[in-house]
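The block underneath contains the structure these notes are about, expressed in structure tokens.
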Amino acid sequence: MDVEAIKKNWLNREFDVAEFPITQERILAYVHACGETDPRFSDPEHPEFQAPPTFTAQYVGRRILPRDFPMLGFRGFDAGKTVVLHGPARPGDTLFAHSKIADAYEKTGRSGRMVFLVHRMEFVNQKDERVSTVDWRMVRQPDQEPEKREK
Amino acid sequence: MILDLHTHSIKSDDGRARVETYCGWIRKRELQIEGFVLTEHRQFDDESDYRPLEHEFGLRILKGSEVETDYGHVLVFGVNDRMRAAFDFADIDLPLGLVLEEAKRCGGVAVPCHPGRPRVGMCAHFAERGAVDGVRVIETRNGGSRNGEDAAALALAEKFGYRGIGGSDAHLVSQIGRCATRFEGAIRNEDDLVRAIRSGKFEAIRWT
């Protein structure tokens, strides 16, 4: 399947909604892991205490790709995430992440032909207010052989 | 005039540098380049107007593109509407001969870049499928080259009599200006750049 067919058949179709309750403990664990020191994110007593901007990048929905999505080869890798923040997430909120494939494109590099899939998660809170947009770029290498694993 | 002929900004999918930050970095680090060309991947950026940044930082900021062909990646300079109609910049299987010919016909110039790089450089394809007519200039100094890649490019240039340009291939701010091209005269715009590249009067530079 080529990229044009992917665009035609799979782009911008919601394929998953996942629910994530936000707790103080979860925020503090994330802040600790990142080494964040800003009291807005690390001090629960701060009047504006909230999750840091990249907080929602940690979440993965119930599905990475839509059901029956073509394999596009045996090999691939994670090409990173970008986060656009729209509003705060605070303890007690419940976030809902709506997933879709937002873009697909091809490029060539040292490792050969690559197909980039952009998995977009739109996070809204329990009031249906936008919280963030997370774009996760996944690379598939249709021309590469499967990796051989040693037994 | 010294220009970095191969850079990417956040307009490219893998670029992480803002043009303004490039400008600030060049001045802060007192780099010797006097400007740069934005060669975004598989597209031509006709939206951005960098003239205010040119004035603010006293730098020349020009625009080209990096397209993908059956012989590897190619920089195109002097992009105009005719050239954009002549071939699809987003196509990753463009015939190199077509890009060279159409760029020239439309008043521009096409320059195969990082030719020594595996898969996306011209050397490997030359070895397998033979040379392509119409190549006059290649990128012999690329800031992203790994061991031996620029040497292969230089050997190719010597074998076929190509002239060589230099560019950093910067995707991050700190990479700009690692390689560049020194021209004899001033380059005021894309037309001057095309004329200067066609004249062959330039040299590729690498700073370590």
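So that you can scan it fast, the table gives a plain yes or no per residue for (1) away from chain B (no Cβ under 14 Å); (2) at pLDDT below 95; (3) touching a helix residue (DSSP H, G or I) at 6+ places or on another chain (Cβ under 7 Å); (4) under 30 Å from B:Gly116 (Cα atoms):
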| residue | (1), (2), (3), (4) |
| --- | --- |
| A:Thr54 | yes, no, no, no |
| A:Gly73 | yes, yes, no, yes |
| A:Thr82 | no, yes, no, no |
| A:Asp93 | yes, no, no, no |
| A:Ser99 | yes, no, no, no |
| A:Ser111 | no, yes, no, yes |
| A:Thr133 | yes, no, no, no |
| A:Glu147 | yes, yes, no, yes |
| A:Glu150 | yes, yes, no, no |
Can you tell me which of B:Gly144, B:Gly121, B:Gly108 is in contact (Cβ under 8 Å) with a residue 24 or more places away in the chain, within 18 Å of the chain's Cα centre (by Cα) and over 23 Å from B:Leu62 (Cα atoms)?
B:Gly121
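Tell me which residues, restricted to region A:18-73, are of a type in the set (Ser, Thr, Tyr) and either within 30 Å of A:Asp143 (Cβ to Cβ) or within 17 Å of the chain's Cα centre (by Cα) (or both). Don't jump to the end; show me each part of the working.
Narrowing region A:18-73 to residues of a type in the set (Ser, Thr, Tyr): A:23, A:30, A:37, A:42, A:54, A:56, A:59.
Residues satisfying the conditions are A:Tyr30, A:Thr54, A:Thr56, A:Tyr59.
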Taking the criterion of being open to solvent by less than 60 Å² (accessible area, probe 1.4 Å), touching a Gly at 6+ places or on another chain (Cβ under 7 Å) and within 21 Å of B:Arg105 (Cβ to Cβ), would at least one residue in region B:179-188 satisfy it?
no
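The values are calculated or read from the model by the stated rules, or taken from the named source; none is laboratory data. No experiment lies behind these values; they were computed from the predicted model shown. All Cβ positions, even for glycine, are placed from backbone atoms using ideal geometry, and neighbour counts span all protein chains on display. With ligands, DNA and RNA removed, areas are computed over all heavy atoms of the protein, side chains included. Shrake-Rupley method; radii C 1.70, N 1.55, O 1.52, S 1.80 Å.
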